[in-house]
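The values are calculated or read from the model by the stated rules, or taken from the named source; none is laboratory data. If you're wondering where the values come from, they're calculated on a predicted model, not measured in any experiment. With ideal geometry, Cβ positions are generated from the backbone for all residues, glycine too; neighbour counts draw on all protein chains shown.
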Protein chains: 2
Amino acid sequence: MINEIKAIARRHLAAEGANLSLRAVAREMGMVSSAIYRYFPSRDELLTALIIDGYHALGEAAETGDAEVTDRADLRGRWLAVCQAVRRWAVAHPAEYALLFGSPVPGYAAPQETTVAAVRTPATLIGILQDGFAAGTLVDPGPEELTGPVHADLAAARDQLFAGLPEALLARGALGWIHCFGAVSFELFGQLDGLIEAREEYFDHQMRQMADLIGLP
Amino acid sequence: MINEIKAIARRHLAAEGANLSLRAVAREMGMVSSAIYRYFPSRDELLTALIIDGYHALGEAAETGDAEVTDRADLRGRWLAVCQAVRRWAVAHPAEYALLFGSPVPGYAAPQETTVAAVRTPATLIGILQDGFAAGTLVDPGPEELTGPVHADLAAARDQLFAGLPEALLARGALGWIHCFGAVSFELFGQLDGLIEAREEYFDHQMRQMADLIGLP
DNA sequence: TCGTCGTCAAGAGCACTGCTCTCGAATGTG
DNA sequence: CACATTCGAGAGCAGTGCTCTTGACGACGA
């Protein structure tokens, strides 16, 4: 039942965009709007459920994108494959992507559950760097210019999620993930309209540039 | 009159978030909601006006950020100054930033006027690269790996907006602009929550990394 | 001075939204 | 058989964007 509600809500989200109507979902189920409240205490809770599902769907797309690269030592190929998988999922599910990464809804505060699901995709990306560091392919670039406060934040994140990874490599991975997010959002949110038509190629070009900066051979 | 409406709408936007209510604006003006329709044919038109104003406000912030660097030959300093100015404006006006760069409203198609206003900020950034190329500080890095379709898109954009700039430099400038957008959006849309506390320092760190990639000395 | 013509805002109303509350029917369970 | 629980319907509240009609006000020309 709650799965049927979520499925229809996802369909409506894809068709109509962000403004999901409980009443429309109920109507399509042949029910009255108040019946939905048996299964979800509020519209925000429904959105939260969709968000968590979305993070996991994106994370799974990223993980299978990584797993499909047979040469596990090909760090660059794996990195690019994950980025492309992220973009493909986003292009295929633009409304859900906007729900996950777009402007936050005013009254809505993301519960803790969403943030743990959100880390799945960047974790696969940075996991590639961990593999490279463990294999000796990637070396610690040193503290570079990480200033004090940033250093502390990154160290905390490293200890919590990516044990053993040098901070500088974590920083590079985060930089790459943020650019992947930025490039996808830039495209999906209409900023590329009228300027770039070859979107996939342009995205790949950007990811290759970032792979250079990260130091992926 | 229409300026008063826009001012109040901006205030409501900043206070409440994206869901701007015409009736609330009218209420605050001591008018009835239908009176607003004398001045704006629809809510979307009001939003369009706010969007155009927003793009120009951001563009002006970027331009003054650039102009305040006295050493005009300090390309890297100018680039970083513009990026910081963009972030400062965004942090100061998060709802307006979300309106400009966040998830697009479903039924809303951005009119041509908005896209011309939108180009003002990236134009100041890439203008820095133009200055550097004209002065000989920056050299054409060559065609690099720009594949065919991307090459065509970039050439068209170059001819239209940045005459004389080598495509590879334009590509690097766009990469830097997209990362600036990505980093600001990542922060403002809540993706940094619980991970990075030193936001300004982390942003600056990212922009320095990108300045290296772009080749700013 | 009188009549006309725009401009402006008010008000009622339509269709829609999220959400709450109550009530009746169905479905087990002791 | 009687009870309890679950489920959905329905009415209703306060809010939304938007349309249409109505009336007040002021400027202008005859």
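Checked against (1) β-branched (Val, Ile, Thr); (2) within 14 Å of another protein chain (Cβ to nearest Cβ); (3) assigned to a loop (DSSP other than H, G, I, E, B); (4) under 29 Å from B:Gly164 (Cβ atoms), B:Val105 meets all criteria but (4). In region B:143-154, is there at least one residue being touching a helix residue (DSSP H, G or I) at 6+ places or on another chain (Cβ under 6 Å), within 9 Å of chain A (Cβ to nearest Cβ) and at positive phi? Yes; the residues of region B:143-154 include at least one that is touching a helix residue (DSSP H, G or I) at 6+ places or on another chain (Cβ under 6 Å), within 9 Å of chain A (Cβ to nearest Cβ) and at positive phi. Within region A:23-40, being outside any loop (DSSP other than H, G, I, E, B), within 7 Å of DNA strand D (Cβ to nearest atom) and of a type outside the set (Gly, Ala, Ser) holds for no residue. Of the set (1) of a type outside the set (D, E, K, R); (2) under 19 Å from the mean Cα position of the chain (by Cα); (3) part of a loop (DSSP other than H, G, I, E, B), all apply to B:Leu138 but (2). Kindly check whether there is at least one residue in region A:70-80 that is surrounded by 20 or more Cβ atoms within 10 Å (Cβ to Cβ) and not hydrophobic (A, V, I, L, M, F, W, C). Checked region A:70-80: at least one residue is surrounded by 20 or more Cβ atoms within 10 Å (Cβ to Cβ) and not hydrophobic (A, V, I, L, M, F, W, C). The number of residues in region A:38-60 being within 16 Å of DNA strand C (Cβ to nearest atom), under 14 Å from the mean Cα position of the chain (by Cα) and surrounded by fewer than 15 Cβ atoms within 10 Å (Cβ to Cβ) comes to 0.
Being facing another protein chain (nearest Cβ under 8 Å), over 28 Å from A:Leu99 (Cα atoms) and basic (Lys, Arg) is a property that holds for B:Arg208.
When each of B:Ala85, B:Ala95, B:Ala35, B:Ala90 is tested for being surrounded by fewer than 21 Cβ atoms within 10 Å (Cβ to Cβ) and of a type in the set (A, V, I, L, M), the lone residue that passes is B:Ala35. Kindly establish whether B:Arg172 is within 9 Å of another protein chain (Cβ to nearest Cβ), of a type outside the set (Phe, Trp, Tyr), surrounded by fewer than 22 Cβ atoms within 10 Å (Cβ to Cβ) and closer than 16 Å to B:Leu80 by Cα. No: the conditions fail for B:Arg172.
For beta carbons closer than 7 Å, sequence separation of 6+ or different chains, a first residue in region A:31-43 that is within 14 Å of chain B (Cβ to nearest Cβ) and a second that is within 8 Å of DNA strand C (Cβ to nearest atom) and aliphatic (A, V, I, L, M), the qualifying pairs are A:Arg43/A:Leu22. Considering (1) at pLDDT 95 or above; (2) more than 16 Å from the chain's Cα centre (by Cα); (3) within 12 Å of chain B (Cβ to nearest Cβ), say which one A:Asp131 fails and leave the rest. A:Asp131 satisfies every listed condition except (3). Entry remark, region A:66-86: residues being within 17 Å of A:Asp131 (Cβ to Cβ), touching a residue at least 40 places away in the same chain (Cβ under 8 Å) and part of a helix (DSSP H, G or I) number 8 in total.
For B:Ala49, the requirement of being within 13 Å of chain A (Cβ to nearest Cβ), within 16 Å of DNA strand D (Cβ to nearest atom) and either closer than 19 Å to A:Asp193 by Cβ or hydrophobic (A, V, I, L, M, F, W, C) (or both) is not met. Residue under question is A:Ile8, and the condition is that it be within 16 Å of DNA strand D (Cβ to nearest atom), loosely packed, with under 13 Cβ neighbours inside 10 Å, among the β-branched types (Val, Ile, Thr) and more than 14 Å from chain B (Cβ to nearest Cβ); does it hold? No; evaluated as a whole, the condition is false for this residue. Against the list (1) surrounded by fewer than 21 Cβ atoms within 10 Å (Cβ to Cβ); (2) assigned to a loop (DSSP other than H, G, I, E, B); (3) away from DNA strand C (no atom under 16 Å from the Cβ), the condition B:Glu63 fails is (2). Which ones in region B:189-203 are part of a helix (DSSP H, G or I) and within 8 Å of chain A (Cβ to nearest Cβ)? Result: B:Glu201, B:Tyr202. The residues of region A:11-30 that are within 12 Å of DNA strand C (Cβ to nearest atom) and surrounded by fewer than 17 Cβ atoms within 10 Å (Cβ to Cβ), listed by number, are A:Glu16, A:Asn19, A:Ser21, A:Arg23, A:Ala24, A:Arg27, A:Glu28. For region B:177-188, the candidate set comprises residues that are closer than 11 Å to A:Gly102 by Cα and touching a residue at least 24 places away in the same chain (Cβ under 8 Å); within that set, the residue that is farthest from the other protein chains (Cβ to nearest Cβ) is B:Leu188.
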